[in-house]
Each structure stands twice: as structure tokens, then as C-alpha cells.
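What follows is one structure encoded as C-alpha cells, with my remarks underneath.
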Amino acid sequence: MIQGVLLAAGYGRRFDPSGHSSKLLATLPDGRSVAWHAARALCSALPGSIAVIRPGHAVLAEVLRDAGCRVLESRDAEAGMGSALAHAVRDSAGADGWLVALADMPWLPVDTIRAVAAAIDRPERIAAAACDGQRGHPVGFGAAHGAALAALRGDSGARELLRAHPVQLVEAGDDGVLRDIDLPAQLQRQR
């Protein structure tokens, strides 16, 4: 079983430097939030996915549960993306691998998420979605990388793992695998 992990613990300071509004709770044209779309796609492909948030974000937790995620509140996540991912991996240590998606990427195609998960066909495999050869998200890691993922700290995420090992690219044909929300103007998807 490949465990879906949605990283939803970031601060989103570029979206709102004052910290008053959350990019993950910002709504898209259909009225649903950025985080709901990202979580719904992940849970549609991998039911039982975990969403990692910082403690004290009840509204975000409710949105993520509504989309199908099991919510993991993590004090470790306050230290950054790597620490959040490590907590999720430790929480699901028996998985055959982990597929990591970002909560500020609401346009990930469900079929692509499934394809990246299916590409984790052996324990040492790392696979990632791509568009026109450019690596994007989600990224999947086979079980052989569990100890390294569980030991991550800080905000660098799994960059070193991705540099140190071959990554099988799964062509999505959709730029949703590259596009995240950093600024309010990006809430409208333009192709």
C-alpha cells in the first residue's frame, strides 16, 4: 500500500505577508478552497491519505477531513516541510511507500497521482510527475527510503534524496503538476 501524504503545514508568507489569510483556505472559482481541491484529488487516488498540519488550525483540519484526509497535527511541522513529512512517514511506517503532494497545488490530476503511485513498483524506486520533461509533484518514494524520510528535519524536504537517487518521471501532459499557489493572482488557473 502506498500512503498518500498531503503537506499542509506551511505558513504561506508570500501569499499574505501579514499572516491574516491562509492561501490553503483561499477559494478557487468554484467556491472550494485550495486545500480542499488538493486533498480531494489525493484522496480520490489514494483513499486514507494523511494531511499534515500545524496544531491549532481547526478550520483547515475540517476542510481536509471533508475532502477525505486523515489529519495529523504535528508540532514537528512548525520546523518545516521536511519535519512535517518525517512525522507522516513515522506515523505510517508499515507502508510500501509514500506519495507526497502539496496542499497548495489544487490542480493535480487524479490519474497522474495514481500513475505516480503505480510507478513505485519496487522499494528503491522514486517517481515524480512531470510536464514536458520538467519534474513536478506529486513525488513517490518506495519503502527503502522510509528511514531517510523519517529522519528529515527542517524545511528542505526530500531534496537531497531526489538529488542522490534516480527519479522516474511520469509524464502528466498537464501543467497542474507544476503549478502551486504562492500569490492571490494565481487562484485563477490559466493555461
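Taking the chain as a Gaussian network, Cα atoms linked when under 10 Å apart, which of His137, His87, His165 shows the biggest mean-square fluctuation? Per the Cα network of the chain with a 10 Å cutoff, His165 tops the list.
Accessible surface calculations at 1.4 Å, restricted to protein heavy atoms, place the chain at 46 Å² per residue.
In nm, to one decimal, how far is the modelled label at Ser44 from the one at Glu171, with both set 7 Å along Cα→Cβ? According to this spin-label approximation, the distance is 2.3 nm. The portion of the accessible surface of the chain made up by carbon and sulfur, rounded to a whole percent, is 50 (1.4 Å probe; DNA, RNA and ligands excluded). For segment 19-100, the Cα gyration tensor yields ellipsoid semi-axes of 21, 17, 10 Å (square root of five times each eigenvalue, largest first, whole Å). Once label points are set 7 Å from the Cα along Cα→Cβ at both Leu187 and Ala147, what is their separation, rounded to one decimal in nm? With each label placed 7 Å out from Cα toward Cβ, I get 4.6 nm. Overall, the ratio between the Cα radius of gyration of segment 99-191 and 2.2 N^0.38 Å, rounded to two decimals, is 1.10. For Trp36, the accessible area of its heavy atoms, probed at 1.4 Å with every protein chain present, is near 40 square angstrom. Overall, the chain carries a charge dipole of about 140 debye about its Cα centre when +1 sits on the Cβ of Lys and Arg and -1 on the Cβ of Asp and Glu, all other atoms neutral. Of the beta bridges in the chain, as assigned by DSSP with both residues counted there, near 35 percent are antiparallel.
Per residue, the chain reaches -8000 deg cm²/dmol at 222 nm when only DSSP H runs of four or more residues are counted, each adding -39500 (n - 2.57). Determine the gain in length on full extension of the stretch Leu162-Arg32; use 0.36 nm per residue of separation and subtract their C-alpha separation, reporting nm with one decimal. Full extension of this stretch gives 43.6 nm more.
The computed mean projected area of the Cα convex hull in nm² for the structure shown corresponds, within [x] 9.7; [y] 15.9; [z] 11.7, to [x].
The values are calculated or read from the model by the stated rules, or taken from the named source; none is laboratory data. Note that the structure is a prediction, hence the values are computed from the model and not measured. As a convention, Cβ positions derive from the backbone with ideal geometry for all residues, glycine included, and neighbour counts pool all protein chains shown. Just so you know, the surface numbers come from the protein's heavy atoms only, side chains and all, with ligands and any DNA or RNA stripped out. Shrake-Rupley method; radii C 1.70, N 1.55, O 1.52, S 1.80 Å.
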